[in-house]
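Student: First the structure, which I've put down as structure tokens, then a few questions once you've had a look.
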Amino acid sequence: MQVSRLSTTLPELPAWGLRSIYFLAFLTALAGSLLLAAVSNAQTLERRLKPNVQRALGARPDRFTRAIRPGVYVPSRAQQIRGVRPRQLGRKSTSHSEMMRPARTSSSTNAAALSPILPGTPLNRVLHTSQFSLSSTAGTVEQFVDRNNDLMADERTTFDAAGGAFDVAVGHSGARYEVFGGTLNNNPIGVVVIARDTNGDYQMDTFTTFNLRPDFELPSAASVVAGRSIAGREFVVVCSSGYFNSADPGDPLNEPSPGIVLLVRDPNTGGFDNSLSVELVGVGDDRLFNANALALLPNNNLLVADFASNEVRIIRDTNADGLPDTLDAVPYFSSPFANEEPLDIAVNSLGVVFSHSSGNDTTLLALYDDNGDGRSDRDEVVVEGLSIDNNLFLHGLTVTGLGDVYVIEDANGSEDGAGGNGGTPRIDAFPDPYLNGILNDGLIFVEADSSIDLGLSGLAFGLPQPNPIEHSVNFFVRQHYRDFLNREPDAAGLAFWSGQITSCGTDAQCIEIKRINVSAAFFLSIEFQETGYLVYRMYKAAYGNLSGAPVPLTRGEFLPDTRQIGQGVEVGRPGWEELLAANKNTYAADFVSRSRFTTAYPPTLTAAQFVDTLNQNAGGALSPSERDQLVNDLASGAKNRAQVVRAVAEDSDLARNEFNKAFVLMQYYGYLLRNPNDMPDLNFSGFDFWLAKLNQFNGNFVEAEMVKAFLNSGEYKHRFGP
């Protein structure tokens, strides 16, 4: 059923603005449910509405007998649960033939003191979670960053201090979506908050709060995911829990069977688009028993964890628009074991699904769709010994873009109830180096601030943001100045090279060619040829190629020398030629005074021996007359050693002979910031490949597609974003 009534009754305001109209919101609340029904909209609410944590703490799935709610959904394996999965002695590896033991968590040592999140940190590296009080309405949405990739948090900033949430998602736009079950006029309601950081300080600046009860009848909001459609529209999916206490049909916490709604953002209003927001599963229609967690597959099919049914359900995108629309009657996954009810689910970028249940010694499963039919064909135990509290609302599981799996243990700590797990609420991190679900032992990422009265719930990393190297022309050009010329761009140069690309308008083919030509122009520029390429030739003349390598120097040698020659040089600025000449003289004098050079060229060498050694290293670039002239100049004192080395390095034959080699080498130095034989290559096979292609096309880098390949490589793009 499509619902076209979703709107707001209060304008979108900054936090102080909403608080300044609290009295108006209070009067609106006094009108009660009659007013809400009359308006028939998803109402915006005063942000002082808090998550009902005590209500959530009472939603314990171990009370279920799975067949009491009237009209209850009957799972495909109804009454066929046959005990618990036997203890795993090992798990099969999809990349190795041997059996591997499931991962476990190790205690983290030397946890770093948490500093504020550094400006500019991409949101896909920021882990969001909610920390809430177990005894009051206090709560926050916290953010953590693992700066050094050691699986332990290094940085922390509080995003929202207004009460926390049961779950959090982060959209491509950077908007945070917080959901929780609240109470308004003694009625349970599902709430979604759109919270925004408008200045990049990782703190909430504005928000809008929506009541999902009037339009969609959601009595709670247990989970949320964010995605983007094929058309580029950002959307969120929110579900109610469907909690039902089978031991007490009159329990005031009981809910009808869960509903699931899809809300599409309206870029014009910042709210939701009435015409595209739809009800995916209706509240009370008994097509699900629970909906305690959601996850999106890479194709935007939606997975739903249904704890009581012991199934992972799937809502498919049947019209390929990138928006899930139809609940499949056949589950994605159904386990025969009683200890594998899916309490939470998450998906990695390759479509491997992770799921865990509750209990003191719980396992994490990896689910695989091996035949591509959109259902799980195989499952493996990948983590043992988890301590997961038995609560339908308070839990968390997520996966990074690089595959690391994060899970909340002991989410509600001391409030877990009789027979509960206890323990300090914490987040564990498990690496998945090959994104194949085979997890390595994990570490404690971070613990709650208190082991007594605080809990944790919900985990989410920011979704990939547009990569500036692909989407910002100015960023693209500026980065080339930094990578190849070791300086910030001058205004005229930035405008000129950016204009080369923007002149294409929206012509994608033109943009691609211009990006390639602009990129190559930095290597071909006078500035680089007279700085970076001169350094290359100085090393070539002095030492030949490195042992066992086709190049004369490493990036570690190249960078400081290039910066020394180019210090203050900006081609086109008055006096640049004189400054460059002075820099070259100083550099050459310094070069020949280094211990490596004086060892290779002791003062006992004759002028002829000195020049001949240089010429041999340079591949015989000097003609006989050029060689004889330099010998005479050095012997007579007309030139010193530094000047002779420069003369060989600046010989036109050497420059021509080494040009293609240097061009290829600079692809690695400039774009990838590494040597050709550094990880992940370990040898010069990649270098040799591109050199052969460039030679094959007589140095035509466009036809050889060399620059294009480096610009489009994942290694280059991942320097700046996902």
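Student: Among (1) buried (at least 22 other Cβ atoms within 10 Å of the Cβ); (2) not in a loop (DSSP other than H, G, I, E, B), where does ILE444 come up short?
Tutor: (1)
Each row is one residue, and each column tells you yes or no for (1) part of a strand (DSSP E or B); (2) closer than 30 Å to PRO122 by Cβ; (3) open to solvent by 10 Å² or more (accessible area, probe 1.4 Å).
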{"site": "ASN371", "(1), (2), (3)": "no, no, yes"}
{"site": "ILE408", "(1), (2), (3)": "yes, yes, no"}
{"site": "ALA411", "(1), (2), (3)": "no, yes, no"}
{"site": "GLY420", "(1), (2), (3)": "no, no, yes"}
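Student: Follow-up. Restricting the search to the stretch 239-250, which residues are at pLDDT 85 or above and exposed (fewer than 15 other Cβ atoms within 10 Å of the Cβ)?
Tutor: None; the set is empty.
Student: Give all pairs with beta carbons closer than 6 Å in which a residue from the stretch 135-151 that is free of Cβ contacts under 8 Å to residues at least 60 places away in the same chain and open to solvent by 50 Å² or more (accessible area, probe 1.4 Å) meets a residue that is in a loop (DSSP other than H, G, I, E, B) and not β-branched (Val, Ile, Thr); count only pairs at least 6 apart in sequence or on separate chains.
Tutor: The qualifying pairs are ARG147/ASP154.
Student: Where residues in the stretch 482-521 are of a type in the set (Gly, Ala, Ser) and not in a helix (DSSP H, G or I), which of them is surrounded by the most Cβ atoms within 10 Å (Cβ to Cβ)? Reasoning before the result, please.
Tutor: Looking only at the stretch 482-521, we keep the residues that are of a type in the set (Gly, Ala, Ser), and these are 491-493, 495, 498-499, 503, 505, 508, 519-521.
When the remaining residues are screened for being not in a helix (DSSP H, G or I), the result is 503, 505.
Details: SER503: 11, GLY505: 8.
Looking at the filtered set, the residue picked out is SER503.
Student: Here is a further query. Six or more apart or on different chains, Cβ atoms under 9 Å: show the pairs whose first residue is in the stretch 371-391 and without any contact (Cβ under 8 Å) to a residue 24 or more places away in the chain and whose second is open to solvent by less than 30 Å² (accessible area, probe 1.4 Å) and of a type in the set (Gly, Ala, Ser).
Tutor: ARG378/ALA366
Student: While we're here: I need a count of the residues in the stretch 452-497 that are of a type in the set (Ser, Thr, Tyr), in contact (Cβ under 8 Å) with a residue 24 or more places away in the chain and over 22 Å from GLN131 (Cβ atoms). Reasoning before the result, please.
Tutor: Of the stretch 452-497, the ones of a type in the set (Ser, Thr, Tyr) are 457, 472, 481.
Remaining after also requiring in contact (Cβ under 8 Å) with a residue 24 or more places away in the chain: 457, 481.
Okay, now just the ones that are also over 22 Å from GLN131 (Cβ atoms), so 481.
Qualifying residue count for the region: 1.
Student: Please give the number of the condition ALA366 fails out of (1) among the small types (Gly, Ala, Ser); (2) open to solvent by 20 Å² or more (accessible area, probe 1.4 Å); (3) in contact with a Phe, Trp or Tyr (Cβ under 8 Å, 6 or more places away or on another chain).
Tutor: Of the numbered conditions (1) among the small types (Gly, Ala, Ser); (2) open to solvent by 20 Å² or more (accessible area, probe 1.4 Å); (3) in contact with a Phe, Trp or Tyr (Cβ under 8 Å, 6 or more places away or on another chain), the odd one out for ALA366 is (2).
Student: Could you tell me whether ASP628 is farther than 22 Å from VAL535 by Cα and open to solvent by less than 40 Å² (accessible area, probe 1.4 Å)? Quick ask: steps written out before the conclusion?
Tutor: Working: farther than 22 Å from VAL535 by Cα: yes; open to solvent by less than 40 Å² (accessible area, probe 1.4 Å): no.
The answer is no for ASP628.
Student: Residue check, ASP286 against (1) open to solvent by 30 Å² or more (accessible area, probe 1.4 Å); (2) on the phi < 0 side of the Ramachandran plot, all met but one. Which one?
Tutor: Single failed check for ASP286: (2).
Student: Can you tell me which residue among VAL283, VAL330, VAL312 is closer than 24 Å to TYR368 by Cα, out of contact with any Lys or Arg (no Cβ under 6 Å at 6 or more places or on another chain) and not in a strand (DSSP E or B)? Before you say what the answer is, go through the steps one by one.
Tutor: Numbers: VAL283 fails: closer than 24 Å to TYR368 by Cα; VAL312 fails: not in a strand (DSSP E or B).
None of the others qualify; the one that does is VAL330.
Student: Can you find, within the stretch 165-217, the residue that is surrounded by the fewest Cβ atoms within 10 Å (Cβ to Cβ) among those that are under 18 Å from the mean Cα position of the chain (by Cα) and either of a type in the set (Ser, Thr, Tyr) or part of a strand (DSSP E or B) (or both)?
Tutor: Among residues in the stretch 165-217 that are under 18 Å from the mean Cα position of the chain (by Cα) and either of a type in the set (Ser, Thr, Tyr) or part of a strand (DSSP E or B) (or both), the one surrounded by the fewest Cβ atoms within 10 Å (Cβ to Cβ) is SER173.
Student: If VAL645 satisfies all but one of (1) more than 47 Å from the chain's Cα centre (by Cα); (2) surrounded by fewer than 19 Cβ atoms within 10 Å (Cβ to Cβ); (3) closer than 20 Å to TYR543 by Cβ, what's the number of the condition it fails?
Tutor: Against the list (1) more than 47 Å from the chain's Cα centre (by Cα); (2) surrounded by fewer than 19 Cβ atoms within 10 Å (Cβ to Cβ); (3) closer than 20 Å to TYR543 by Cβ, VAL645 comes up short only on (2).
The values are calculated or read from the model by the stated rules, or taken from the named source; none is laboratory data. In this text, all values refer to a predicted model and were calculated from it rather than measured experimentally. Ideal geometry is used to build each Cβ from the backbone, glycine not excepted, and the neighbour counts take in all protein chains shown. Please note that ligands, DNA and RNA were not included when accessible areas were found on the heavy atoms of the full protein model with its side chains. Shrake-Rupley method; radii C 1.70, N 1.55, O 1.52, S 1.80 Å.
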